[in-house]
1. For the pairs Lys22/Lys440; Lys140/Lys255; Lys162/Lys183; Lys99/Lys126; Lys66/Lys440, flag any whose C-alpha to C-alpha distance is greater than 21 Å.
2. Among the GluC sites (Glu not before Pro) in the range 159-221, which ones are in a DSSP loop with at most 13 other Cβ atoms within 10 Å of the Cβ? Mind listing them?
3. Taking the mean number of other Cβ atoms within 10 Å as a proxy for protection, how do you rank 82-90, 243-251 from highest to lowest?
4. Filter the trypsin sites (Lys or Arg not before Pro) in the range 102-185 down to the DSSP loop ones having no more than 11 other Cβ atoms within 10 Å, then list what survives.
5. For Lys539, which aspartates and glutamates qualify as cross-link partners when the Cα separation must be under 14 Å and same-chain residues fewer than eight apart are set aside?
6. So, counting K/R as plus one and D/E as minus one, what does the shell of residues with Cβ under 14 Å around Glu234 add up to?
7. Distance from the Cα centre of the range 72-100 to that of the range 382-404, in angstrom?
8. Calculated from DSSP H runs of 4 or more alone, at -39500 (n - 2.57) each and per residue, what is the 222 nm mean residue ellipticity of the chain, nearest 500?
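The values are calculated or read from the model by the stated rules, or taken from the named source; none is laboratory data. Since this is a predicted model, take the numbers as computed values, not measurements. Here the Cβ positions follow ideal geometry from the backbone for every residue, glycine too, while neighbour counts run over all protein chains shown. Ligands, DNA and RNA are stripped out before the accessible areas are found, and what is left, the full protein with its side chains, is counted by its heavy atoms. Shrake-Rupley method; radii C 1.70, N 1.55, O 1.52, S 1.80 Å.
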Amino acid sequence: MATLGVRVNEVATSISTPNVAKVGLPYFAGSAPVYAAASGVKVNVPVLCTSWDEAVSKLGFSYDWKKYPLCEAMYSHFQLFGCQPAIFCNVFDPKTMHKGVQTASYALDGDGQALLPAGTLLSALKVVRPKVEIGDQKVKVRPNGPTKSGSPNFDYAASYEKAGVKFEDNGIFYTPGGELDEKLKHHGDGDRYYVGIVFPKPDTARSVTSKINGKDGDTNLELSKDGEFVLNGEYISYFAFADAEGNAMPDAQWKMELTWTLADETTVTTSCTICRGMGNHCVENVDYTAWYDEDDGSAYVQITEDGALADEEALLCETDTADPEQVEVADIVEGVGQVDAAMTVVGQVPDLICAPGWSSNTVVAAVMATKAAAISGLFKGKAVIDIDSSEEGVTEYSQLSGYKNQNNFVDVDQIACWPQVKLGDYQFHLSTQLCGLMAKVDTDNRGIPYESPSNKNLKMDTCCLADGTEVNLTWPQVEMVSGDWGIVTAVNFMDSGWVAKGNYTACFPANTDVKDQFIPVSRMFDFIGNTLIRTFWSKQDKPLTPALRDNILQTCNIWLGGLCGSGYLYGARCELLAAENPLTNLLAGHITLHVYNAPPVPAQFIEFLLEYDVSYMETALTM
């Protein structure tokens, strides 16, 4: 069949759009008070947060950063540096890491609130019900007799038993599922099922006036004539135990006050309390409410005005407490390992790995470095670690070089920090703030990590050890720490305020390869490599043709040329070299492209040479 007319077809563009890798995206592993979160997260599952509010909602918040270092990370990253997003991996499981139930009394303030201990698990909270004062009025369950519907001698006792109703110690207890007789209903009142309770009268009593929970009930009810509320001269009141569908009514209690008028016109007042379904504990949202304060994670209980606790001055509570101190190195290692899941779980690949409070451990630091070298087996990043500044670690700068080498903090993919920093009353690991600082510097440079975080302002006012002891390094000491030993520190010098100081990765001084030793150069290599992986991942399994080769070369060189033109690289190019692509490799579907690039090195030493030029004097003094 002949093809007629005019048609248009599309072909793929010969140049691809680069899928630029994300930089300044930290992955924080540690503990968070997830029990206090509005929408909790799973243990050891990465979660992406783009704001402070989102992080608090998903992870909870506490100012106890020694127990919950992820809170330190979220405060630093979102509140101090204003950077986003960040990925968090909580390793703390309050379902298994808790201290066990304890019973204690907690005072109520003037507003009926009680503050519970830090770390209280409200999911396990039980408020003990105050002991009910039964009172002096005796009670019993209604005996057999006529019903409101007209049955002359109805077997109430058997009907209550079949329905699953028991009356013990002034308490009505109902177990749904039994056989409910329609004669136990009071039609017109929601068709609920009731149990009759008899209040035996004092001798010679002829009428009764009742009050229920302070409200008027029956008034001067004559006891001489049997009826719905009188049987054999005794007063009866009815209490619902099930709704029309047979569901149990909510827990409740009624304070009964009965005033009996005797034959000689004198009166006698008796009282008692009737309870419905009330066990040993109060009911949440009926007798009290409980919540966590979003600002600091504190747990509170508020009693209700008309609940069982309304007259109490203190609460007796059975509480269980979260115990994040049960988190061990193995838990953190597992959490760090979950960085590989970030790509599939949250759709982002972090380039900074941080475990505040734990990265000073040699095992954790080593695992962090291993993961940073091959996130998801493909991508590269940096492990930002702390050197221990406690009594067990380094408390004096001169110990740093030996400690760093002894603990093997010498990996090309590690950035080592010492000591800690403070801002007001808040104390931070330097690694935490350095992640925020790098993210801010990267953002200021349009997402290109070509600039070092060194000599940029941290959010701090004091440099300190783990115990809070102030540390003030002199400039010569800073030169040794950051210039000779490859450790990032903090310094307040030359009217710059507190800044991070240090351009080297932890591999320096053992490794002086320019692509490895400098933080910005090494991160640029990571960035370029990660971008190439993401950009050309879709080219996998395409036919290995000249068109594919040219697409890769042109796309790569155009992108690299843009980085060079913007000043992010001194120069760069991508080539396909014959020597690196033997026929055997090509036959196996293996093509190798060589990317030459040169990121700027940090200008960490600027030197001026001053010389006295005699010619200026001769010119000035010549007559």
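1. Lys66/Lys440
2. Answer in residue order: Glu179.
3. Order by mean packing, descending: 82-90, 243-251.
4. The qualifying sites are Lys131.
5. The reachable aspartates and glutamates, counting only those whose Cα sits under 14 Å from Lys539, are Asp550.
6. It works out to a net charge of +1.
7. Between the Cα centre of the range 72-100 and that of the range 382-404, the gap is 24 Å.
8. Rounded to the nearest 500, the figure is -6000 deg cm²/dmol.
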